[in-house]
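Undergrad: Could you have a look at this structure, given as structure tokens, before my questions?
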Amino acid sequence: MTDPLVEIRNLTVRYGESVALDDVSLSVAGGEIVTIVGPNGSGKSTLIRAILGGVTPARGGVHKAPGLRIGYVPQRLVLDPTLPMTVRRFLSLPRRVSAAAAREALDSAGVPGLGGRQMAALSGGQFQRVLLARALLERPDLLILDEATAGLDQPGSAAFYRRIEEVRAETGCAVLMVSHDLHVVMSASDRVVCLNGHVCCEGAPEVVAETPDYRALFGEGTRGTMALYRHHHDHSHGDGHAHGHDHEHSHDHSHDPEHRQPAAAEGTQNSDPGR
């Protein structure tokens, strides 16, 4: 077994007296797509900032593979709409890249030919694809997306995540993404981590969606998420075997209602450490 690209060990992050993350452990291996899901305020973005080095842990830490290259797609980026800036110019900030490299990145992000367009004239979906292209310029081993489809409609989000799967297939990079688009990310993920200040549960999408913790956080209606997931994944291929996942990774712990408040996440973590 190869060493993980990123391993988070017993990570605790505090903002003053408030605990944002409590004893979080998980890992991301090369080539896998891992999705972090959780309610607002559950520490998802704090976890991403910890990986990127933007916050100081109160305890534990983040261990990265030597020489790890990370590409990052933020939740949002606000540009002055009156500032004339082409996509090509944007991709050369903060350092200049060649025209060939910019074209390749835009092609990989699924928006070829946008180099001459003004950033202010892009649609929401095109703008996020350009941010993806910028991240791909780093030729990342790990691509991190923090709510990268915020503001996109469902078809736009689905198209974006399909492109992420294609990028993984083409480049072999691992992907760590934070998302609220449960019905979409379930089908795009190899592993799902449910976060609410601590790791509530993790594992294959269809296993996590059946856990009491997941349903407590997202409601019984999330069973419909798995109906969509199974529609896409539990089907047969011409080679005669079904495409699906059947490895188990479930947990039999539960949380009282007050433990579902992210700022007071002090319950014990019974999930396995990151693999």
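Undergrad: PRO66 - would you say it is assigned to a loop (DSSP other than H, G, I, E, B), closer than 30 Å to SER25 by Cβ and free of Cβ contacts under 8 Å to residues at least 24 places away in the same chain? Steps first, please.
TA: Details: assigned to a loop (DSSP other than H, G, I, E, B): yes; closer than 30 Å to SER25 by Cβ: yes; free of Cβ contacts under 8 Å to residues at least 24 places away in the same chain: yes.
Yes: the conditions hold for PRO66.
Undergrad: Please go through region 69-81 and pick out each residue that is open to solvent by 70 Å² or more (accessible area, probe 1.4 Å) and either in a helix (DSSP H, G or I) or touching a residue at least 24 places away in the same chain (Cβ under 8 Å) (or both). Lay out the reasoning, then the answer.
TA: First, the residues of region 69-81 that are open to solvent by 70 Å² or more (accessible area, probe 1.4 Å): 69, 72, 76, 78, 80-81.
Within region 69-81, ARG69, TYR72, ARG76, PRO81 qualify.
Undergrad: Looking for something surrounded by fewer than 16 Cβ atoms within 10 Å (Cβ to Cβ) and touching a strand residue (DSSP E or B) at 6+ places or on another chain (Cβ under 7 Å) - is there at least one such residue anywhere in region 35-51?
TA: No, because not a single residue in region 35-51 is surrounded by fewer than 16 Cβ atoms within 10 Å (Cβ to Cβ) and touching a strand residue (DSSP E or B) at 6+ places or on another chain (Cβ under 7 Å).
Undergrad: Does ALA150 meet the test of being surrounded by 18 or more Cβ atoms within 10 Å (Cβ to Cβ) and over 10 Å from the mean Cα position of the chain (by Cα)? Before the answer, list the steps.
TA: Details: surrounded by 18 or more Cβ atoms within 10 Å (Cβ to Cβ): no; over 10 Å from the mean Cα position of the chain (by Cα): yes.
No, not satisfied.
Undergrad: Another one. Could you tell me which residue of region 192-223 is modelled with the lowest pLDDT, considering only residues that are charged (D, E, K, R) and open to solvent by less than 10 Å² (accessible area, probe 1.4 Å)?
TA: Pass one, region 192-223, residues charged (D, E, K, R): 202, 206, 210, 213, 215, 220, 223.
Applying the additional criterion that residues be open to solvent by less than 10 Å² (accessible area, probe 1.4 Å) yields 202, 213.
Details: GLU202: 93, ASP213: 85.
It comes out as ASP213.
Undergrad: May I pose another question? Working only within region 58-83, note down all residues that are under 19 Å from LEU145 (Cα atoms), basic (Lys, Arg) and in contact with a strand residue (DSSP E or B) (Cβ under 6 Å, 6 or more places away or on another chain).
TA: LYS64
Undergrad: Taking region 104-114, which residues are of a type in the set (D, E, K, R) and either open to solvent by less than 20 Å² (accessible area, probe 1.4 Å) or under 11 Å from ARG134 (Cα atoms) (or both)?
TA: Of the residues in region 104-114, the ones of a type in the set (D, E, K, R) are 104, 107.
Within region 104-114, just GLU104 meets the criteria.
The values are calculated or read from the model by the stated rules, or taken from the named source; none is laboratory data. Remember, it's a predicted structure, so these values are computed and weren't measured experimentally. Quick reminder, even Gly has a Cβ in these numbers, built from the backbone with ideal geometry, and neighbours come from all protein chains shown. With ligands, DNA and RNA removed, areas are computed over all heavy atoms of the protein, side chains included. Shrake-Rupley method; radii C 1.70, N 1.55, O 1.52, S 1.80 Å.
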